[in-house]
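Take a look at the structure below.
The values are calculated or read from the model by the stated rules, or taken from the named source; none is laboratory data. Just so you know, these numbers come straight off a predicted model, no measurement behind them. Using ideal geometry, Cβ is built from the backbone for each residue, glycine included, and neighbour counts are taken over all protein chains shown. Surface accessibility is based on the protein's heavy atoms, side chains included, excluding ligands, DNA and RNA. Shrake-Rupley method; radii C 1.70, N 1.55, O 1.52, S 1.80 Å.
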Amino acid sequence: MKTNYFTGHNQRNHKGFALLIMLLLVVVLGALVWLDPFAFSGSKGKDLPWNQVKRIVPDDKTVPSPTEQQPKFTTYMGIGAKCKENEQNRGTLEILINPQGRVRGTWSADYWPKPNLRYEVVNSRFKGNIDPARLYKDEDSEEASKLYIISRGNFLILETKKGQMRTAKGRIYVTGWVDDEYNITGKVTITSDKKTYYEYVFSGRLGNISPFLFDSLSGPGFQGMFLPKTKQ
């Protein structure tokens, strides 16, 4: 049997070329990760709240009004809602919305995210606004009547693990949707580094509140408020 030296030579060339391509891919991927550590992590998702902060309107600007289909805020409205993670208690969210479309609130909690780890929220406040421009979409349809809210703030948590205590701080984001009957569903997202984060869900129905409650959130000594509670 004769040996086809030309075929063998071509096979070696193809293998060498494939190895070169793989090497180049490794170099490119390594460079991307070095330039942007979040390039291949979930923190780059466009729906994550820190990638939506451009929707928060500065204090010296006017919040856009809801569209004709979306709920209107002619009075001060708010709610106290339980936060859950896989049906586990994650504290209470108190959220308020004023007629100008501004959002403020607090989150209070004392829970065990792991069997040997306790979280006690020392302080957590947030503020933001409604965002009529964002359209609600799911896998099946769009709903022009739902109104988006987005807010951001800071948290301080006392961590206790195996008798050792330390403080943890970071950002809290509260986002959600309000329908035309003032039912609200949303998420509380907390993170210290935008790599690891926790998401807690909440829901309920907004009710009328006193303007004093909304204004009191700006006071340094504010420690929470009594709002309409969701049904258990």
**Study point:** Failed item, numbered, when residue 182 is tested on (1) surrounded by fewer than 14 Cβ atoms within 10 Å (Cβ to Cβ); (2) on the phi > 0 side of the Ramachandran plot
**Key:** (1)
Point to revise | Selection from the range 93-118 of residues that are more than 22 Å from residue 73 (Cβ to Cβ) and either open to solvent by less than 70 Å² (accessible area, probe 1.4 Å) or of a type in the set (S, T, N, Q) (or both) | key: 108, 109, 111, 113, 116, 117
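With 214, 202 as the choices, which residue is surrounded by 16 or more Cβ atoms within 10 Å (Cβ to Cβ) and modelled with pLDDT of 90 or more? Spell out the reasoning first.
Working: 214 fails: modelled with pLDDT of 90 or more.
Going through 214, 202 in turn, the sole match is 202.
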Exercise for review: Hey, could you check the range 39-57 for residues that are in a loop (DSSP other than H, G, I, E, B), more than 26 Å from residue 207 (Cα to Cα) and open to solvent by less than 70 Å² (accessible area, probe 1.4 Å) and say which is modelled with the lowest pLDDT?
Suggested key: 39
